[in-house]
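K.L.:
I'd like to ask some things about the structure below.
The values are calculated or read from the model by the stated rules, or taken from the named source; none is laboratory data. All figures in this text were calculated on a predicted structure; none of them were measured in a lab. Note that we place each Cβ from the backbone using ideal geometry, even for glycine, and neighbour counts take in every protein chain shown. Areas reflect the complete protein model, heavy atoms only, side chains present, ligands, DNA and RNA absent. Shrake-Rupley method; radii C 1.70, N 1.55, O 1.52, S 1.80 Å.
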Amino acid sequence: MKIAIGSDHAGFGQKPPLIAWLSSLGHEIIDCGPSTDSRCDYPDFADKVARLVANKEADRGILLCGTGLGMAITADKVPGVRAATIVTPHFAHLFREHNNGNVICLSGRFTPYEINQEILKEFLETPFGGGRHTGRVDKIMREDDCAFCGVDAGC
Ligand code: RB5
């Protein structure tokens, strides 16, 4: 799988070992930065990863910050992305099965590395469940209705 990954300074520590581990599993990794743990702004990296996934230049995205929250808020603004902060393997499984999630946002400060590995296994190996979930995900992705009035009125 082609995977785009990015972090901020708070998530940086887990990024190099995760890249090495994912590469050893045969995945192709696009490292969207940063290259050091110097203080930086998480939206810059969330946006890069999200756009690669939205443009289908990557199959999935992984983002790491202190909590994973700012990354998810940012990534979800890019049309085509379904991002969420995930802190348990069970939620990662459901995020794939029910929501067809394509960008996972992890906590580098509050989730231990080994748990993030378990979370990523679920994220990468669990297929979308389809069936009753398909129409719901389609409703999430609908872009023609105005976000404010709910009508396709071009406003
Ligand atoms: C950085 O201090 C922190 O705010 C950031 O890593 C992230 O947790 C934001 O959601």
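K.L.:
Hey, among 82, 39, which residue is surrounded by 15 or more Cβ atoms within 10 Å (Cβ to Cβ) and of a type in the set (D, E, K, R)?
P.N.:
Matching residue, one of 82, 39: 82.
K.L.:
For residue 88, which of the numbered conditions (1) more than 14 Å from the chain's Cα centre (by Cα); (2) of a type outside the set (D, E, K, R); (3) open to solvent by 40 Å² or more (accessible area, probe 1.4 Å); (4) under 24 Å from residue 142 (Cα atoms) fails to hold?
P.N.:
(4)
K.L.:
Residues 26, 33: which one is away from the ligand (no atom under 16 Å from the Cβ), surrounded by fewer than 18 Cβ atoms within 10 Å (Cβ to Cβ) and not charged (D, E, K, R)?
P.N.:
From the options 26, 33, the qualifying one is 26.
K.L.:
Specify the residue that is surrounded by the fewest Cβ atoms within 10 Å (Cβ to Cβ); the eligible residues are those in the stretch 42-64 that are under 15 Å from residue 119 (Cβ atoms) and within 15 Å of the ligand (Cβ to nearest atom).
P.N.:
64
K.L.:
Anything in the stretch 1-32 that is out of contact with any Gly (no Cβ under 9 Å at 6 or more places or on another chain) and among the aromatic types (Phe, Trp, Tyr)? List them, or say none.
P.N.:
Within the stretch 1-32, 21 is the sole residue that qualifies.
K.L.:
So which of 96, 132, 142 ends up being modelled with pLDDT under 95 and of a type in the set (Lys, Arg)?
P.N.:
142 is the lone residue from the list that is modelled with pLDDT under 95 and of a type in the set (Lys, Arg).
K.L.:
Sticking with this one: Given the stretch 1-78, what helices (runs of 4 or more DSSP H) lie entirely inside it while holding 2 or more residues that are more than 21 Å from residue 121 (Cα to Cα)?
P.N.:
The qualifying helices (runs of 4 or more DSSP H) are 42-54, 69-75.
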